[in-house]
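Asker: Attaching a single structure in structure tokens format; questions to follow.
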Amino acid sequence: MTVKLQVNGVEHAVDVDPDMPLLWVLRDVLNLTGTKYGCGQALCGACAVHLDGQVVRSCVTPVQRAEGRAVTTIEGLSADGSHPLQRAWVALGVPQCGYCQAGQIMTAAALLAGKPKPTDDEIDRSMAGNICRCGTYPRIRAAIRKAAGIADD
Amino acid sequence: MKRFVGPVLLSALGTVACATPQSAEPPRAAATPVDKTSGDLRSPAFFEATVPDRVERSRALFLEATRVFLHPRCVNCHPAGDSPMQGDAQYLHDPPVWRGSEDRGVVGMECTSCHQDQKLDLARVPSAPMWRLAPRVMAWAGQSAHGICEQIKDPARNGGRTLDRIVEHSAHDPLVAWGWTPGAGRVPAPGTQALFAEIVRAWVESGAECPAEEARR
Amino acid sequence: MTEGSGGERTTPAGDSREAAASPLGPLKISRRSVLAAMNVGLGGLALGLYRRCAPAAAAGGAGLEPNVWLHIAVDGTVTYLCHRSEMGQGVRSSLFALVADELGADLARVQVGQADGDKKYGNQNTDGSSSVRGKAFEDLRRVGATAREMLVAAAAQRWRVKPETCTTRDHQVVHVPTGRAVGFGDLVEQAAKLPVPKADDVKLRPRNELRHLGGDLPLIDAPAFVTGRATYGADVRVPGTLVAVIARPPVVGGRPLRYDESKALAVAGVKKVVAMPTAKPPYGFQPWGGVAVIAENTWAAMRGRAALDITWDSGSDGTYDSEAFERELAASVDAPGTPVRNVGDVDGAFGKAARVMEAEYHVPHLGHLPMEPIAVTARNVDGRWEIWAPTQNPQTARSIAAATLGVAEDQVTVHVTFLGGAFGRKSKADFIAEVVLLARAAGAPVRLQWTREDDVQHDYVNAVSTQRLRAGLDAQGKITAWLHRTAFPPIGSTFGPVDRPSADDLQQGVLDLALDVPNVRAEACAARSHTRVGWYRSVYNIFHGFAIGSFVDEIAVARGQDARDTWLEFIGPPRPLGLAELGVERLRNYGASLDEHPVDPGRLAKVIQRVTELARWSERKKEGRALGLAAHRSFLSYAACVVAVVADARRGVRVDEAWLVLDAGTIVNADRVRANLQGAVVMGISNALFGGITWKAGAVEQSNFHDARVARIGDVPRKMHVEFVPSELPPCGVGEPGVVPVAPAIANAVFALTGKRIRELPIARAFGV
């Protein structure tokens, strides 16, 4: 079946089962491999992308849900790594292995779009679905605050 | 050999954080134990045959309906606090999620970030249209049957519905329907949605009487 | 690196990944804009450092190649092939700086590639916190020094001066008396004609000329990570690749009795179903067995696997039960084991003791749970095999692949991708054996994808263990006797018939424990293995550190004494401890000599003092908040941790603040060491609060992150203070030691807060959450 979806501003028509998770359409069909597979059960957040600006966990989101809507992946968050979160992430050396970071950044981007000056509690709640096994959480918190222009105490 | 023995009651640790007095985190165990072996829900005909008094029959019908209301598949998303529960043991939802200002989760962790409109192949996350928490006024966890009954009858607390609309909701709402086809090996609510709706209708038609505060099924 | 039609991808090795048959999409990233967008900190260094690595092949152009790691082009660009795997420890951002400083290069003009698996690169096994310590530190410097001497020789020849009058800095050779300078690029052609000095003969520059040693260095791959351009195992795109997913026996060594291949083949996109060979003990790195489904894409393969309808024969370990095994371990430490450490007369001392304390500690199997489940690609082109793997050990990957295929090693090339976390899991070559078998069976390139369930249920888990500790105290409360019995199925059991830990295994925290006690004995007790046991970040130190760290605290409590004072008294005064003092016949000492890396309680005392000072230990008694302390030597380093614990409605207890101090001797990259320590605190929290992979009826009970739980952001304190001790002592391990003292510190704090002593992890279970 042909499913039409817009990814990072570009229209695609893909010939896939409409129940195929968006994650695998992105990775295996469109070769956008920035979005990661971490658990396949919406438990870890590595697959987070935006659907019309809202975070969805693409590993459990059927591609037909994206039909007629705008998908944004890490590759489309900015043209050149210049999103304030990406800059803050680099400036503070947030990543360690880096695998979870696309999902972390996409969730944080939705957070800042909805709450430009989140409290610490709001950061922790919105980021609670993104697991990092390397333990970069302290720097993730700091980078979100930096990107939001929240001064250190 | 010395080992740590026994659970530590949260109350023994001193202060337990509560958002508001009414939104204390729910107790871990269900108020009434889940009867996993009984999928049956008794029909209106049964109560017709066994409870001749209209008022008593009405109360008994509602009490029967609470076997659905208070079943984990339903009550888990009717919490008193800010987080849903999970599982038959009704532990706090993991990953941690919060109600948000519109009962649909917080930004980045909206209910529909994970929960889809339709059942999924291979993914175990429960799915049904418009997955969300019931508003706080519709909290059932920790409530008596009497309390739930009063809430359901109160337009100020039931989404402005008439009793007929309540029956409609029980019979046809797709999120309500999920309780009986929860997938992934989860224990469904007793009976069927159709039977549940019949019970609710029979309750309405018999006067929508509420059980006494101390009544338990 | 050429600009592709789509976005550029970054593999550690540059273009060794195939250009995609289908483009990556319309996203265009220009090199200039990426660099311009980067926040330039660290005195402008950052700008040039954020450079995608040059391919090894391109580096083979004209220039100077003094050894297998370095290439200097005529334009001056230095390419360094990093020979250790990048799994989050920042090895790619650190080793090159040491080499470059020794060389005298401008770091902004150094590109970092990734070496394939080949013995010529020396030891490529990224394991044991060993990429800088030991011989590595000097070897890395010699890599740069060799090139330096050749460039200096060329310049000296050109200028007709003595080489001793020249030095290198800022990417130039400089004639010190006159200030005359020439750039590296202008020398390479001439230098390439000179004889290459032996690595052992080159002179290292004075340490104070290593300009970046111990300072902060930026993470060179950060721009790739934050834009989704870093290539991990699953991101490799080779034309014609099929994707495979394997249904592995739930019980180790089991096999399928029956399955329905036609149901899998009926799933759209599924191409082939392949039976995997059954694994036989000792399991080593054999494939796990089961049935593989090969399909056009990952989703089809997963669905095909789900359709197989397999009935399993569980084989001989169909009864492994974690609860029963815990009882077995308890019985094992209840009886004397093999003595491996002995000082004085422990039995006599217990007989005379005024008081005897005893406790038993149990730590379950722990899973690695890296964020990247294993994914690996293999293809065969005219008998030449190529593998792209997130492997910590590319040389073993190569030899296992060759042995599995029955081909010569030189027919196999192993490329190393980025690793999405590993913690020890990806040094095992089981998945390498699996993928080459499947690629051969498919007659096409195959990407083998492990699901998260596969990762949870088919891990080389850290050994489960029970420890019995007994201390004898005299009338004054001084410890006069110490007995440690430890039972765990060691890693050796994965490779051969081993029924108890060896003395070498006990070097991790039992034999190298400094204690000022006149009578000491340690015994290795029997423990049979029922599953594949492997090494997981800090390995046996996890449970040895937990037991000792908790028991010292219990002694402090029993004596009514400050735990810090107890620790300092327990380990005794600063003094180097050799074999005789330790009471051991030999100490593997992580491969280092005891002369260079003695067991030094003075260094342990210093980190204990520093961490307790940072944590304001003297103010530790507060309403509703309690501190806990623990310390441990591992991988030659010394780590001490204090945590503050408070009650928590959701989790029972929560770590509210943490302090971790590490003495690792000389360190290369301060920022990565601090990041590593932050990560160590988080991993210690995971181990302590949630960790545990358990078995029932031979199969793992957990399957994904809902029951194989790890710390989320809310579980981690907002205030975390990590510090390393500035030092010029020889480098020690960094990657692992920070983890060890965290769990016992938490248990000790929990006791101080609640009065409940938790001797069995995970703590969450004790609180019923």
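Asker: Return the total of residues in the range C:756-769 being more than 9 Å from chain B (Cβ to nearest Cβ) and not in a helix (DSSP H, G or I).
Answerer: 2
Asker: Can you pull out the residues in the range C:710-736 that are more than 13 Å from every other protein chain (Cβ to nearest Cβ), crowded, with 22+ Cβ neighbours inside 10 Å and not in a loop (DSSP other than H, G, I, E, B)?
Answerer: If the condition is that a residue be more than 13 Å from every other protein chain (Cβ to nearest Cβ), crowded, with 22+ Cβ neighbours inside 10 Å and not in a loop (DSSP other than H, G, I, E, B), then C:PHE724 is the only one that fits.
Asker: Filter the range C:478-493 for residues that are surrounded by fewer than 24 Cβ atoms within 10 Å (Cβ to Cβ) and either farther than 20 Å from C:ALA514 by Cβ or under 22 Å from the mean Cα position of the chain (by Cα) (or both) and give the result.
Answerer: C:PRO490, C:ILE491, C:GLY492
Asker: Just to be sure, is C:SER314 more than 30 Å from C:ASN393 (Cβ to Cβ), of a type in the set (Ser, Thr, Tyr) and within 31 Å of the chain's Cα centre (by Cα)?
Answerer: Here the answer is no, as C:SER314 does not meet what is asked.
Asker: If you don't mind, another one. State yes or no: is C:LEU242 within 14 Å of chain A (Cβ to nearest Cβ), more than 27 Å from the chain's Cα centre (by Cα), farther than 30 Å from A:GLN96 by Cβ and modelled with pLDDT of 95 or more?
Answerer: So C:LEU242 passes the test.
Asker: I'd like to check something: does the range C:542-550 contain any residue that is over 21 Å from C:ALA330 (Cα atoms) and in contact with a helix residue (DSSP H, G or I) (Cβ under 6 Å, 6 or more places away or on another chain)?
Answerer: no
Conditions (1) surrounded by fewer than 23 Cβ atoms within 10 Å (Cβ to Cβ); (2) of a type in the set (Val, Ile, Thr); (3) under 17 Å from the mean Cα position of the chain (by Cα), marked per residue:
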position: C:GLY421; (1), (2), (3): no, no, yes
position: C:GLY424; (1), (2), (3): no, no, yes
position: C:ALA429; (1), (2), (3): no, no, yes
position: C:ALA433; (1), (2), (3): no, no, no
position: C:ASP454; (1), (2), (3): yes, no, no
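Asker: Let me ask something else about it. Only one of these is in a helix (DSSP H, G or I) and either surrounded by fewer than 18 Cβ atoms within 10 Å (Cβ to Cβ) or within 14 Å of chain A (Cβ to nearest Cβ) (or both): B:GLU64, B:GLU48. Name it.
Answerer: Unique residue meeting the criteria: B:GLU48.
Asker: Would you point out the residue of the range C:636-667, among those that are closer than 12 Å to C:CYS732 by Cβ and outside any strand (DSSP E or B), that is nearest to the other protein chains (Cβ to nearest Cβ)?
Answerer: Looking at the filtered set, the residue picked out is C:ILE667.
Asker: Output the residue which, of all residues in the range C:373-389 that are out of contact with any helix residue (DSSP H, G or I) (no Cβ under 9 Å at 6 or more places or on another chain) and in a strand (DSSP E or B), is surrounded by the fewest Cβ atoms within 10 Å (Cβ to Cβ).
Answerer: C:VAL381
Asker: Consider C:GLU581 against the criteria (1) in a helix (DSSP H, G or I); (2) under 28 Å from the mean Cα position of the chain (by Cα): it satisfies all of them except one. Which criterion is unmet?
Answerer: Going through the list (1) in a helix (DSSP H, G or I); (2) under 28 Å from the mean Cα position of the chain (by Cα), C:GLU581 breaks only (2).
Asker: Could you tell me which numbered condition C:ALA234 fails, if it satisfies all but one of (1) among the hydrophobic types (A, V, I, L, M, F, W, C); (2) out of contact with any helix residue (DSSP H, G or I) (no Cβ under 7 Å at 6 or more places or on another chain); (3) surrounded by fewer than 23 Cβ atoms within 10 Å (Cβ to Cβ)?
Answerer: (3)
Asker: Another question about this same structure. Tally time: how many residues in the range C:390-441 are assigned to a helix (DSSP H, G or I) and closer than 16 Å to C:ASN123 by Cβ?
Answerer: 7
Asker: With the condition being within 15 Å of C:TRP450 (Cβ to Cβ), I'd like the strands (runs of 3 or more DSSP E) fully within the range C:226-301 carrying at least 2 qualifying residues.
Answerer: C:242-247, C:290-295
Asker: Quick one: which of B:THR162, B:THR112, B:THR192 is among the polar types (S, T, N, Q) and in contact (Cβ under 8 Å) with a residue 40 or more places away in the chain?
Answerer: Criteria check complete, one pass: B:THR192.
Asker: Also, quick follow-up: Checking B:VAL200 against (1) surrounded by fewer than 20 Cβ atoms within 10 Å (Cβ to Cβ); (2) of a type in the set (A, V, I, L, M); (3) in contact with a Leu (Cβ under 9 Å, 6 or more places away or on another chain), which test does it fail?
Answerer: (1)
Asker: Now a separate question. Out of A:GLN54, A:GLN96, A:GLN86, report the one residue that is more than 7 Å from chain C (Cβ to nearest Cβ), over 27 Å from C:LEU242 (Cβ atoms) and without any contact (Cβ under 8 Å) to a residue 60 or more places away in the chain.
Answerer: From the options A:GLN54, A:GLN96, A:GLN86, the qualifying one is A:GLN54.
Asker: Check A:GLU122 against each of (1) within 11 Å of chain C (Cβ to nearest Cβ); (2) assigned to a helix (DSSP H, G or I); (3) surrounded by fewer than 23 Cβ atoms within 10 Å (Cβ to Cβ) and name the one condition it does not meet.
Answerer: Only one criterion is unmet by A:GLU122, namely (1).
The values are calculated or read from the model by the stated rules, or taken from the named source; none is laboratory data. Treat the numbers as computed from the prediction; the structure is a model and nothing was measured. As a convention, Cβ positions derive from the backbone with ideal geometry for all residues, glycine included, and neighbour counts pool all protein chains shown.
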